[in-house]
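What follows is a short report on a single structure.
Each reported figure results from applying straightforward, stated rules to the coordinates on display, with no laboratory input. Here the structure is a predicted model, which is why all the values come from computation and not from measurement. Neighbour counts are summed over all protein chains in view; Cβ atoms, including those assigned to glycine, are modelled from backbone coordinates with ideal geometry.
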Amino acid sequence: MHRYERLAEQLRERIQGGYYQAGDRLPSVRTLAKAHGVSLSTVQQAYHQLEDAQLIQARPKSGYFVCQVRERPVLPPAGRTAQRPVEVSQWEQVREGTCVLPDTELYHLGRGMPDIDAPTLKPLMRSLSRVSRRQNLIGLNYDTLHGRPELREQIARLSVSQGCRLRQDEIVVTTGCHEAISVAMRAVCEPGGIIAVDSPSFYGALQSIRAYGMKAMEIPTDPEHGISLEALELALEQWPIRAIQVTPTCNNPLGYTLSAERKRALYALAQRFDVAIIEDDVYGDLAYAFPRPPTIKSFDEDGRVLLCSSFSKTLAPGLRIGWIAPGRYLERALHMKYVGTGSTATQGQLAIAEFIREGHFEPHLRRMRRQYQRNRNAMLDLIGETFPSSTRVSYPEGGFMLWLECDPRVDTVALNQRLMREGIRIAPGVMFSATGKYRHCLRINYTVLDEPVKGALRRVGEWVGEMLDEQPAAVSAAALPA
Ligand SMILES: Cc1ncc(COP(=O)(O)O)c(C=O)c1O
C-alpha cells in the first residue's frame, strides 16, 4: 500500500466512524501533511482518492468537505428459483434484445454499453490508427493461440490490483469475455452437465449453457449480499454440479459485490465438493471503492478458478478483446479456444497494449468510476421521483447498471414493446432467468445521463404507472361486501 492509500484509508475510517460528519471541513492539505509527516502531494493524492469514492468534495478556495452519505434504497428481495437443474429457454427474448443496431435514434437503456465517448479514450483511437499505419505486418497476421505477448504482459501487470499475480503464460486472450465464458464452460463441463449460476444472471452465460446442452442450477441471489452460499451448498450436496459460474464483483444485473469473506467461503465450498469456479470479472475494475475488491481467483490455491474478463466495459466493446486465466484447465481451454475462433484479431490487442503501457488506462478508469457513481445517484433520485412508489431498485457499488423490481402486475416484456414505439428500450427481466422469471423486473444503464436519457427514463416510469392503473390490485376477498 502506498502512503497516500494508507492516509486515505485512515480518513475514510474517520468519516465512516462519524468522527467527521457530513458538511464538516477537513484539515487543510498543509496541516494534514505536517500532522502525518508526509508531503503535500501525498495528502492531495489521498484527498483525490476520497473524492473518487464520493466521500468528500473540494470547494474552490475553501478546502475539502465531507459529503452527505446516501441512504441505501429499499432493495428487491432475493429471487425464488427452481430447486433443480433446468434447461435454459429465453433465447427469443435475448435475440430480440441483442440483434438491434446501435441506432442513435433509439434510447437503448437496457444495453450493457459503457460510455465510449469519454475524452480519456482518445489515446486509444490514436493507438488504433498508429497500429494500422505501421509498416510491419503483425497486425494483419495470424496471432498465436495465447494472444499477443505485449497485451498479456499488461494484463498480468493489471492482475496485481485484483489481488492475484498472474503470469503471462497463464493468460489466453479471447474475443471478449463472452468467448472466455464459453471456453471456460466447455473446458470444465460436458453436454448434459450442470452449472450452478447466480440468479438473476448475465444472459450470455445462460445462453452458452443452453447452446452446449448443459443445465443451469439457479441459486437465489440477494442484491446486497450476493449468491446464497447456504442454497449453493444444498445444491452441491444434491446434484452432480461441475462448475459454479458467478460474477461476484459489481454483478450484472444485481450490482452486488460479494465480500472477501464470502468469496473465500465460496472458494472453500468449491474445494469441498471439488468443482470449478468460472469467475466473470468483467465489471470488477469499475468498482467505486479503492482498492478494488479482490477476485476469487486471488484465493485460488489449486487452479480451480477460471477467471474471465475483457476490456468491453472498461474501454470499448467493439474491440472484442477479453481474456481467460483458466488455471489447471489451461490445455482444455486452449483447445476450446482453437475450435471456437482460433486466434483473436490482432490490431485491437496491440492498440490496447500500447494504451495501457503509455499509462492511459488508470486515468480513464478513474474518470469512468466517478462518472458512473455520480450517475447512479442521479438516476436513483430520478427513479424515486418518477416511478410508482412500489418500485424497488438495486444499489450497485460499481459498474453502470440498475436492476428494478416493479409491482408483480407489471409485465416488462409488454412494457418494452410499448416503449419501442417511442424509440426507447429496456432489458426485460426474463432475459436474466433460465426459465422466464423476473417478468416484472428490468435492467437499465446509467453510463450517460443527459436530458434526452432522463426524458426516456421518465417515460419508462410513466408507462410503469399506466400499466399499474390498467390492472388495479386484486381486491382481497375479505374486503368484498358479503
Ligand atoms: C456480466 C457480463 N459478462 C460478460 C459479458 C460479455 O462481455 P464481452 O462484451 O467482453 O464479450 C457481459 C456483457 O454484457 C456481461 O455483462
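Work out how much length residue 96 to residue 328 would gain on full extension: take 0.36 nm times their residue separation and subtract the Cα-Cα distance, in nm to one decimal.
My answer for the length gained is 79.8 nm.
In 10 Å bins starting at 0, how do the alpha-carbon pair distances of the range 3-66 split up by percent?
Taking all Cα pairs of the range 3-66, the binned fractions are 24, 61, 15 percent.
Under a crude label model (7 Å from the Cα following the beta-carbon direction), how far is residue 271 from residue 301 in nanometres?
Calculated label separation equals 0.3 nm.
Among 387, 65, 432, rank each residue by its count of other Cβ atoms within 10 Å, from fewest to most, as a rough exposure measure.
Least to most surrounded, the residues fall as 65, 387, 432.
Looking at the range 77-234, send over the antiparallel percent of its DSSP beta bridges, to the nearest 5.
So the antiparallel bridges in the range 77-234 amount to around 35 percent.
For the chain, with equal point scatterers placed on the C-alpha atoms only and solvent neglected, what are the log10 I(q)/I(0) values from the Debye formula at q = 0.07, 0.08, 0.09, 0.12 1/Å, to two decimals?
The calculated log intensity ratios at q = 0.07, 0.08, 0.09, 0.12 Å⁻¹ are -0.39, -0.51, -0.65, -1.14.
Using a/c under 1.5 as the rounded threshold, could you call the range 376-482 rounded, prolate or oblate? The axes a ≥ b ≥ c are square roots of the C-alpha gyration tensor eigenvalues, and prolate needs a/b larger than b/c, oblate otherwise.
prolate
Can you say what percent of the DSSP beta bridges in the chain, counting only those with both residues inside, are antiparallel? Round to 5.
So the antiparallel bridges amount to about 55 percent of the total.
Counting only residues 5 or more places away or on other chains, whose amide H sits under 5 Å from the amide H of residue 287 once H atoms are built in the peptide plane?
Long-range HN contacts for residue 287: 399.
Quick check: the distance between the Cα centres of the range 309-345 and the range 51-128, to the nearest angstrom?
Here the two parts' Cα centres lie 23 Å apart.
What lysines does residue 263 reach when the alpha-carbon gap must be under 17 Å and sequence neighbours fewer than 8 apart in one chain are set aside?
Hits, sequence-local ones excluded: 297.
Using 1/(1 + (r/R0)^6) with R0 = 41 angstrom and r between the beta carbons of residue 377 and residue 167, what's the FRET efficiency to the nearest 0.05?
0.55
When DSSP assigns beta bridges and you keep just the ones with both residues in the range 121-357, what percent turn out antiparallel, to the nearest 5?
Taking every DSSP beta bridge with both residues in the range 121-357, the antiparallel ones total about 35 percent.
Set the bar at 22 Å for Cα to Cα. Now go through 34/61; 61/122; 61/454 and name every pair that lies beyond it.
Result: 61/122; 61/454 exceed 22 Å.
Would you list the membrane-span-like helices of the chain, meaning whole DSSP H runs whose alpha-carbon atoms span at least 27 Å along their axis and whose mean Kyte-Doolittle value is at least -1.0?
Span-like helices, by this rule, are 451-470.
If you stretched the chain out fully between residue 83 and residue 366, how much longer would it get, using 0.36 nm times the residue separation minus the C-alpha to C-alpha distance?
Full extension of this stretch gives 97.7 nm more.
Using a ≥ b ≥ c from the Cα gyration tensor of the range 259-373 (square roots of the eigenvalues), is it rounded, prolate or oblate, where a/c under 1.5 gives rounded and otherwise the larger of a/b and b/c decides, a/b for prolate?
The shape class here is oblate.
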